[in-house]
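The values are calculated or read from the model by the stated rules, or taken from the named source; none is laboratory data. Keep in mind that what you see is a predicted model, and the values were worked out from it rather than measured. Here Cβ is always computed from backbone atoms with ideal geometry, including for glycine, and neighbour counts include all displayed protein chains.
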Amino acid sequence: MSDRRPEDPPATDSDTSSVSIEDDGLLRWLLRSEEGAVVVVRDVASTVTIVALIGLVLFAASGVWPPLVAVESGSMEPNIHTGDLVFVVDDDRFAGENAVDGTGVVTLEDGQNGGGKHFGRPGDVIVFAPDGDASETPVIHRARFWVEAGENWVETKADADALAGRTCADLSSCPAPHDGFVTKGDANDLYDQVDGRYAETTVVKSDWISSKAGFRIPRLGQVRLAFDSLLAVAPPQPLSGPISSAILPWP
């Protein structure tokens, strides 16, 4: 019987125990080292890269940034709920055949004549800056109908039930000060343009619209809302009853 010992197997490329910066260079060491700190850094970098790639894909499809928003109130219920995450797209994308000229938005009024349903009803759900003020929290409500500058829309197009007895003379937004959309939350009883109740905005100009809603992911936006409440200086007010559906960007 021979006492000769078998030779040790030669090192291979899969042997990461001998990887060093001196012998292999910084990049190879970062990619192949099994040291604990390096593995953590590598995993974090991989996660960030994946998230960034997903974000780029969503942006390419959406045309706006951020492409996801978290809904922080309940005026679009039961079609969009507080805490839902909503994928939004540029208002010119995926326009229906009955979109208002010069925009990609189909109103509820026009959608009833063909154009499909969006979030349970005809008409696009739009994201807009109230009164065109970009410093205000954006609102996500449904475009009900289009009006032209000077139009007495209370008499020509409005649903009396959504006016609570107001006449054109009672509203600062009537006659319409400019072309635009009259809007309303699905859960609200009055139009946003009835002063002092909901979104507190006049007729919504098309260039105040940043995007329109594509689809929702139920409850996923709660993560964003919880994070925001932790950072808030004052505790958030309870969301009770139908109010203006404000949104927060994701993440």
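Per-structure values
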read-out	value
Residue selected from the range 119-141 under the condition under 15 Å from VAL88 (Cβ atoms) and out of contact with any Pro (no Cβ under 9 Å at 6 or more places or on another chain), by the criterion surrounded by the fewest Cβ atoms within 10 Å (Cβ to Cβ)	PHE119
Of the criteria (1) surrounded by 23 or more Cβ atoms within 10 Å (Cβ to Cβ); (2) under 24 Å from PHE87 (Cα atoms), which one GLY214 fails	(1)
Search result, residues across the range 153-167 that are touching a residue at least 24 places away in the same chain (Cβ under 8 Å) and assigned to a loop (DSSP other than H, G, I, E, B)	LYS157, ALA158, LEU163, ALA164, ARG166
Unmet requirement for ARG144, which otherwise passes all of (1) part of a strand (DSSP E or B); (2) touching a residue at least 60 places away in the same chain (Cβ under 8 Å); (3) surrounded by 18 or more Cβ atoms within 10 Å (Cβ to Cβ)	(2)
Candidate set: the range 172-188, residues that are touching a helix residue (DSSP H, G or I) at 6+ places or on another chain (Cβ under 7 Å) and not basic (Lys, Arg); chosen: the one surrounded by the fewest Cβ atoms within 10 Å (Cβ to Cβ)	PRO175
Lone unmet requirement of (1) modelled with pLDDT of 95 or more; (2) outside any loop (DSSP other than H, G, I, E, B); (3) not basic (Lys, Arg) for ASP192	(2)
Positions within the range 19-37 being touching a Phe, Trp or Tyr at 6+ places or on another chain (Cβ under 8 Å) and modelled with pLDDT of 65 or more, in sequence order	VAL19
One residue from ALA199, ALA158, ALA164 being under 24 Å from HIS118 (Cβ atoms) and at pLDDT below 95	ALA199
All positions within the range 86-109 that are hydrophobic (A, V, I, L, M, F, W, C) and at pLDDT 90 or above	VAL86, PHE87, VAL88, VAL89, ALA99, VAL100, VAL105, VAL106, LEU108
Answer residue from the range 137-184, given it is among the aromatic types (Phe, Trp, Tyr) and under 28 Å from the mean Cα position of the chain (by Cα) and is farthest from ASP110 (Cα to Cα) among those	PHE181
Residue list for the range 127-141, filter: part of a strand (DSSP E or B) and free of Cβ contacts under 8 Å to residues at least 60 places away in the same chain	none
Filtered residue count, the range 60-90, keeping only those that are of a type in the set (Phe, Trp, Tyr) and touching a residue at least 12 places away in the same chain (Cβ under 8 Å)	1
Of all residues in the range 204-220 being part of a loop (DSSP other than H, G, I, E, B) and more than 16 Å from ASP124 (Cα to Cα), the one that is modelled with the highest pLDDT	PRO218
Condition check for THR183: outside any loop (DSSP other than H, G, I, E, B), closer than 12 Å to PRO130 by Cβ and assigned by TED's automatic domain parsing to the domain that holds GLY132	yes
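The rows are residues; the columns are (1) crowded, with 18+ Cβ neighbours inside 10 Å; (2) on the phi > 0 side of the Ramachandran plot.
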site	(1), (2)
VAL69	yes, no
SER73	yes, no
MET76	yes, no
ILE80	yes, no
GLY83	yes, yes
ASP91	yes, no
ASP101	no, no
GLN112	no, no
LYS117	no, no
